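Participant: Have a look at this one.
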Amino acid sequence: MEIINTNKAPAAVGPYSQGYKHGGLIFLSGQLPLDPETGAMPVDIEGQAHQSAKNVKALLEEAGSSMDRVIKTTCFLADMKDFAAFNSVYEKYFTSKPARSCVAVRELPKGALCEIEVIAY
């Protein structure tokens, strides 16, 4: 197994890795919408969705992959009322339409409105 690590995505906020590459597959931890340079988070769902997707993209590129090689995403929303706005941003990044689960959760770390995790090759 190979650990995926880049400073172009935010560092882990707990005892975990940004991702792993194994047997041709890439497993990324959920990406919060934190700016990797400042640690700041956009205030609205659209801005947060963009930042989470950019963080996913940076990690995939570090692993030698790309957004069009994503097989599965799991998306977490703090409020399902943000579903349509989240989707309007999501579809700009995940154009290959990978399999997806999207669930509302009670709360996300650091008060985030969304988080995206992916499996890619």
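Participant: For I71, enumerate residues with amide H under 5 Å from its amide H, sequence gap 5+ or separate chain, H modeled in the peptide plane.
Facilitator: When sequence neighbours closer than 5 places are left aside, the close amide H contacts are I119, A120, Y121.
Participant: Right, something else. Taking loop as defined by DSSP and a crowding limit of 12 other beta carbons within 10 Å, which trypsin sites (Lys or Arg not before Pro) in the stretch 71-121 fit?
Facilitator: R106
Participant: Please list, in order, the residues from the stretch 25-42 whose amide nitrogen is less than 17 Å from a point placed 7 Å along the Cα→Cβ vector of S66.
Facilitator: In the stretch 25-42, the label zone of S66 (backbone N under 17 Å from the point 7 Å along Cα→Cβ) covers 26.
Participant: In nanometres, what is the gap between the two model label sites at D35 and E91, each 7 Å from Cα along Cα-to-Cβ?
Facilitator: Modelled inter-label distance: 2.9 nm.
Participant: Each label point is 7 Å from the Cα along the Cα-to-Cβ direction; what then is the distance between the points at V103 and F83, in nm?
Facilitator: 1.5 nm
Participant: Can you work out ³J(HN,Hα) from phi for every residue in the stretch 13-18, in order, using Karplus 6.51 cos²θ - 1.76 cosθ + 1.60 and θ = phi - 60°, giving whole Hz and x for Gly and Pro?
Facilitator: Residue by residue, the stretch 13-18 yields 9, x, x, 8, 9, 5 Hz.
Participant: Binning every alpha carbon pair distance of the chain at 10 Å from zero, what are the percents per bin?
Facilitator: 14, 50, 32, 3
Participant: Rounded to the nearest 5, what % of DSSP beta bridges with both residues in the stretch 27-121 are antiparallel? Mind showing how you got there, number by number?
Facilitator: Details: 9 of 15 bridges.
Taking every DSSP beta bridge with both residues in the stretch 27-121, the antiparallel ones total about 60 percent.
Participant: Related question: For the chain, report the accessible area per residue in Å² (1.4 Å probe, heavy atoms, rounded to an integer). Spell out each step's value before the answer.
Facilitator: Working: 6480 Å² over 121 residues.
Per-residue accessible area for the chain comes out at 54 Å².
Participant: Loop only by DSSP, 11 or fewer other Cβ within 10 Å of the Cβ. Give me the GluC sites (Glu not before Pro) in the stretch 32-121 that pass, ordered by residue number. Before the final figure, lay out the partial values.
Facilitator: On the way: sites: E37, E46, E61, E62, E91, E107, E115, E117; in loops: E37, E107.
When the GluC sites (Glu not before Pro) of the stretch 32-121 are filtered for loop state and at most 11 Cβ neighbours within 10 Å, E37, E107 remain.
Participant: I've got another one for you. Can you pull out the cysteines in the chain that have no other Cys Cβ under 4.7 Å?
Facilitator: By the Cβ distance rule, which asks for a partner under 4.7 Å, the isolated cysteines are C114.
The values are calculated or read from the model by the stated rules, or taken from the named source; none is laboratory data. Note that the structure is a prediction, hence the values are computed from the model and not measured. Cβ coordinates were reconstructed from backbone atoms using ideal geometry, including for glycine residues, and neighbour counts include every protein chain displayed. The area values use the complete protein model at the heavy-atom level, side chains included, leaving out ligands, DNA and RNA. Shrake-Rupley method; radii C 1.70, N 1.55, O 1.52, S 1.80 Å.
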